[in-house]
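Colleague: Sharing a structure here in structure tokens format.
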Amino acid sequence: PLVSMTEMLNKAKEGGYAVGQFNLNNLEFTQAILQAAQEEQSPVILGVSEGAGRYMGGFKTVVAIVKALMEDYKITVPVAIHLDHGSSFESCAKAIHAGFTSVMIDASHHPFEENIETTSKVVELAHFHGVSVEAELGVVGGQEDDVIADGVIYADPKECEELVTRTGIDCLAPALGSVHGPYKGEPNLGFTEMEQIGSATGVPLVLHGGTGIPTKDIQKAISYGTAKINVNTENQIASAKTVRQVLADQPEQYDPRKYLGPARDSIKETVQGKMREFGSSNKA
Ligand code: G3H
Ligand code: ZN
């Protein structure tokens, strides 16, 4: 069923595992991620950035595709459609009215009081519709669609606690050294802060930039209260690699099903691997 993130993340936090957010890029990504979740019997969060939403036709198109696929594929595991890095109240409202079951309001680049104000407005509207809300503090490095950051700023634990109590968000993404896209060298995550923020706020934590984080760090993050891990780049790399391979092997090939079909399989395989690594398999 289509659900918000609240229950799946609270269960994950309690159970000591994390639910993956896998970003949609097109129809094949949507198919692959839903199939992976069903086969793994795992809850899943479909992340939709504003850019990906635009690419796929709009928020309503995304919701219609997901709902139709869930019916055709007979999906029984919990699925959330989540706006990733929502840039404004208006964008979150548009996603909620299009049928998203969860939104992230990323007002982390605004002054703290403004972040609180915008996030509170989103929470009010979202909760009225039974939609869950994720907010962010600090700066995640790298670039993802419209979100560009050239430094990494660690979230402040005091501010995290205040943001959670004053806004009533369902989960929090404290930037603690993670990066969107591939890491240059080993990631250096702020586990001391993570542990502090996890226990001070009580809400499930979200780890952005899940691509390229070693398993030992994933396990540590989960043990400090991380219950949602976002992955996009790794699936994009897997899919592009397969397309390149097929077209190199068959230079005369022009049927998209012949190169996007195998790409879809490699996305599915990558997602299943992540679900096992995050411990969400058989937790539906
Ligand atoms: O919000 C989406 C993610 O944080 C994805 O990060 O592309 O580095 O896996 P990634
Ligand atoms: Zn992110």
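Colleague: With +1 on the Cβ of every Lys and Arg and -1 on the Cβ of every Asp and Glu, and nothing else charged, how large is the dipole of the stretch 185-256 about its Cα centre, in debye rounded to the nearest 20?
Modeller: It comes to approximately 200 debye.
Colleague: Which Rg and Dmax, in Å, describe the Cα atoms of the stretch 58-165?
Modeller: When restricted to the Cα atoms of the stretch 58-165, Rg and Dmax are 15.3, 47 Å.
Colleague: Taking the 0 to 90 degree range and rounding to the nearest ten, how far is the long axis of helix 157-167 tilted relative to the main principal axis of the chain, both from C-alpha atoms?
Modeller: 90
Colleague: Another question about this same structure. Net charge near Ala12, counting Lys/Arg +1 and Asp/Glu -1 over other residues with Cβ under 12 Å of its Cβ?
Modeller: Summing Lys and Arg as +1 and Asp and Glu as -1 gives +2.
Colleague: Would you give the gap between the C-alpha center of the stretch 150-211 and the C-alpha center of the stretch 213-284, rounded to a whole Å?
Modeller: So the separation of the two Cα centres works out to 23 Å.
Colleague: How are the C-alpha pair distances of the stretch 34-77 spread across 5 Å bins, as whole percents from the shortest bin up?
Modeller: Histogramming the stretch 34-77 at 5 Å steps yields 5, 23, 26, 22, 17, 8 percent.
Colleague: Still on this structure, please answer the following. Quickly estimate the mean residue ellipticity at 222 nm for the chain, helices only: each DSSP H run with n ≥ 4 gives -39500 (n - 2.57), and the total goes over all residues, rounded to 500.
Modeller: Value at 222 nm, helices only: -16000 deg cm²/dmol.
Colleague: For the chain, just the Cα set please: Rg and Dmax, both in angstrom.
Modeller: Here Rg and the maximum Cα pair distance are 17.9, 59 Å.
Colleague: Going down the table (Lys158/Lys220; Lys13/Lys216; Lys13/Lys67; Lys216/Lys274; Lys220/Lys283), which pairs top 24 Å between alpha carbons?
Modeller: Lys13/Lys67, as the Cα separations exceed 24 Å there.
Colleague: Still on this structure, please answer the following. I want the local charge near Ser281. Using Cβ-Cβ distances under 15 Å, sum +1 for each Lys or Arg and -1 for each Asp or Glu among the other residues.
Modeller: +1
Colleague: Under the rule that an exposed site lies in a DSSP loop and has at most 13 other Cβ atoms within 10 Å, name the longest stretch of the chain with no trypsin sites (Lys or Arg not before Pro) of that kind, not counting the sites themselves.
Modeller: By the stated rule (loop sites, at most 13 other Cβ atoms within 10 Å), 75-183.
Colleague: State the antiparallel share, in %, of DSSP beta bridges confined to the chain, rounding to the nearest 5.
Modeller: 10
Colleague: What angle, in degrees between 0 and 90 and rounded to the nearest 10, separates the Cα long axis of helix 233-249 from the longest principal axis of the Cα atoms of the chain?
Modeller: Approximately 10 degrees, to the nearest ten.
Colleague: Tell me which aspartates and glutamates have Cα within less than 19 Å of Lys94's Cα, excluding those fewer than 8 residues away on the same chain?
Modeller: Leaving aside aspartates and glutamates fewer than 8 places away in the same chain, those within reach of Lys94 are Glu50, Asp84, Asp106, Glu117, Glu124, Glu134, Asp145, Asp146.
Colleague: For the Cα atoms of the chain, what angle does the longest principal axis make with the long axis of helix 89-98, in degrees from 0 to 90, nearest 10?
Modeller: For 89-98 against the chain, the angle is about 50 degrees.
Colleague: Based on alpha-carbon centroids, what's the gap between the stretch 1-35 and the stretch 85-144 in Å, whole number please?
Modeller: Answer, in whole Å: 18.
Colleague: With the alpha-carbon atoms as the only input, what is the per residue convex hull volume for the stretch 143-253 in Å³?
Modeller: Output value, Cα hull per residue: 135 Å³.
Colleague: What is the sum of charges, Lys and Arg at +1 and Asp and Glu at -1, for the other residues whose Cβ falls under 15 Å from the Cβ of Glu39?
Modeller: Local net charge: +3.
Colleague: On a full-extension model of 0.36 nm per residue, what is the gain between Ala68 and Asp255, subtracting their alpha-carbon distance, rounded to one decimal in nm?
Modeller: 64.9 nm
Colleague: Under 19 Å from the Cα of Lys258, which lysines turn up, not counting those fewer than eight places away in the same chain?
Modeller: Hits, sequence-local ones excluded: Lys241, Lys268.
Colleague: Work out the length of the dipole vector of the stretch 150-189 about its Cα centre, built from +1 on the beta-carbon of each Lys and Arg and -1 on the beta-carbon of each Asp and Glu, and round it to the nearest 20 debye.
Modeller: 80
Colleague: So if I place +1 on the C-beta of Lys and Arg and -1 on the C-beta of Asp and Glu, and nothing else carries charge, what would the dipole magnitude of the stretch 1-72 be about its Cα centre? I want it in debye, nearest 20.
Modeller: 260
Colleague: To continue, here is another question. What longest region of the chain stays clear of chymotrypsin sites (Phe, Trp or Tyr not before Pro) that DSSP places outside H, G, I, E and B and that have at most 13 other Cβ atoms within 10 Å?
Modeller: 74-253
Every read-out reported here was derived from the displayed coordinates using simple, explicitly stated rules and does not represent laboratory data. As the structure is a prediction and not an experimental result, all values here were calculated from the model. We place every Cβ from the backbone using ideal geometry, glycine too, and count neighbours over all the protein chains shown.
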